[in-house]
């Protein structure tokens, strides 16, 4: 991966492409409730203090803002925005901003909590947060997206900050949007110390203070975990096959990095549909097609398949890299793979995971697998704080070491206590949070 590749800037279209979902998706599950069930399972295994479990059961702050934005035709629309700040005992709140028509408060509460566990698991001195605006960014021009982003930032005001709450890109948002947030914050809140305010967001463009390797970080982190899994299972990745749900930032980078290791992409899909080629899909050419058209649909070296057919494709590796709650009981029974590496946040229902476990399919959980983004976000924040610029090789070296270190900690913990990887990951995170509360106490 060259520095030139890592500097390629994304267009103002969404960076993460959600997978096509069924109309009843919003009625099928509540991510926040599912995260709570996972918390309770790990807390019981760890014998977590009831007081700490109570504190962690709800976010510290839930912000809802409504703000008007002028459209290109001169009319005004009212937008609803959110920022959920779950916990900051280990460091500033940290989490992405999502632009999507199905954004809900409960969804963001679940994602913010997952960010708390993710940071604690990887021993990153951040807490957990998540934000979003409920709208479809594909229906707006670049100038409208800029005004929406700047108005959202203005409405949040001092509820974000470089030492308090640090947003980043998520589904539907880009590096360019993070630059707009940074610039607005600099001019509205932090105008007295403008250059010190660069670290108010991460995931920025390189020229505006971003980090080399940030764009590919989540995909690279996913691959590092798969590499360690393959080593433990004595499985040769060279010659293996992979299917990826969601061909946005995470999915495309995962496929491209795996391709360099001899892994063939055989199926993928996004919000418009799914495609298949048993001989292999070229992830680099497919990325060019998506950049040009906005979707994997119509890629000439493939045949279209249904969502149901996608989950029946036989492949060694499955990487869900779209939205949450995509793998239900039906999908768990249909999948024909050896391992699932959760590139997306919360893609698997608990009932589905039980089925996968019974079928002998390994599940590498999201808070372990997709943490490359927050890890390199931390590196970006540090570089901004120190007025430094690390080269790509340095960032990738630190990322690989961090991901593999955490993977080995989770694997050893799971083996010693006979736990699944998700419960082990949650338990390690909760243990660190509990120790922090024990040392600091509850003020006053």
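Throughout, read-outs are computed from the coordinates displayed, never taken from laboratory work. Quick caveat: nothing in here was measured; it's all calculated off a predicted structure. Glycine gets a Cβ as well: all are built from the backbone with ideal geometry, and neighbour counts include every protein chain shown.
Some values worked out for this structure:
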| read-out | value |
| --- | --- |
| Ranked 141, 287, criterion: other C-beta atoms within 10 Å, fewest first | 141, 287 |
| Rel. contact order, % - alpha carbon contacts under 8 angstrom, at least six apart, region 58-200 | 25 |
| Top of 327, 207, 361 by mean-square fluctuation, Gaussian network on the chain, Cα under 10 Å | 207 |
| Beta bridge orientation in region 58-200: antiparallel %, DSSP, nearest 5 | 65 |
| Computed helical MRE - 222 nm, the chain, DSSP H runs ≥ 4 contributing -39500 (n - 2.57), nearest 500 | -14000 deg cm²/dmol |
| 62, 326 arranged by Cβ crowding within 10 Å, fewest neighbours leading | 62, 326 |
| Separation in nanometres of the label points that stand 7 Å from Cα toward Cβ, at residue 272 and residue 195 | 4.4 |
| Length-normalised contact order for the chain - Cα pairs under 8 Å, 6+ apart - percent | 18 |
| Theoretical gain in end-to-end length, residue 49 to residue 416 [0.36 nm per residue, Cα-Cα removed] | 130.0 nm |
| Options (1) 30, 27, 21; (2) 40, 31, 21; (3) 38, 24, 21 - which one matches semi-axes √(5λ) of the Cα gyration tensor in Å as calculated here | (1) |
| Which of 443, 76 has the fewest Cβ neighbours within 10 Å, and the rest in rising order | 443, 76 |
| Added length on full extension, which subtracts the Cα-Cα distance from 0.36 nm per residue, residue 163 to residue 57 | 35.8 nm |
| Label-point separation, residue 66 to residue 101 (7 Å along Cα→Cβ), nm | 2.1 |
| FRET efficiency, residue 187 to residue 443 (Cβ-Cβ, R0 45 Å, nearest 0.05) | 0.85 |
| Gaussian network model of the chain, springs between alpha carbon atoms under 10 Å - residue of 31, 63, 265 with greatest fluctuation | 63 |
| Net length gained if the chain between residue 329 and residue 33 were fully extended (0.36 nm per residue, minus Cα distance) | 104.8 nm |
| Per-pair calculated FRET efficiency, R0 = 22 Å: residue 405 and residue 362 via Cβ, rounded to 0.05 | 0.65 |
| For the chain, share of DSSP beta bridges that run antiparallel, in % to the nearest 5 | 50 |
| Length-normalised contact order of region 217-364 in % [C-alpha pairs under 8 Å, at least 6 apart] | 22 |
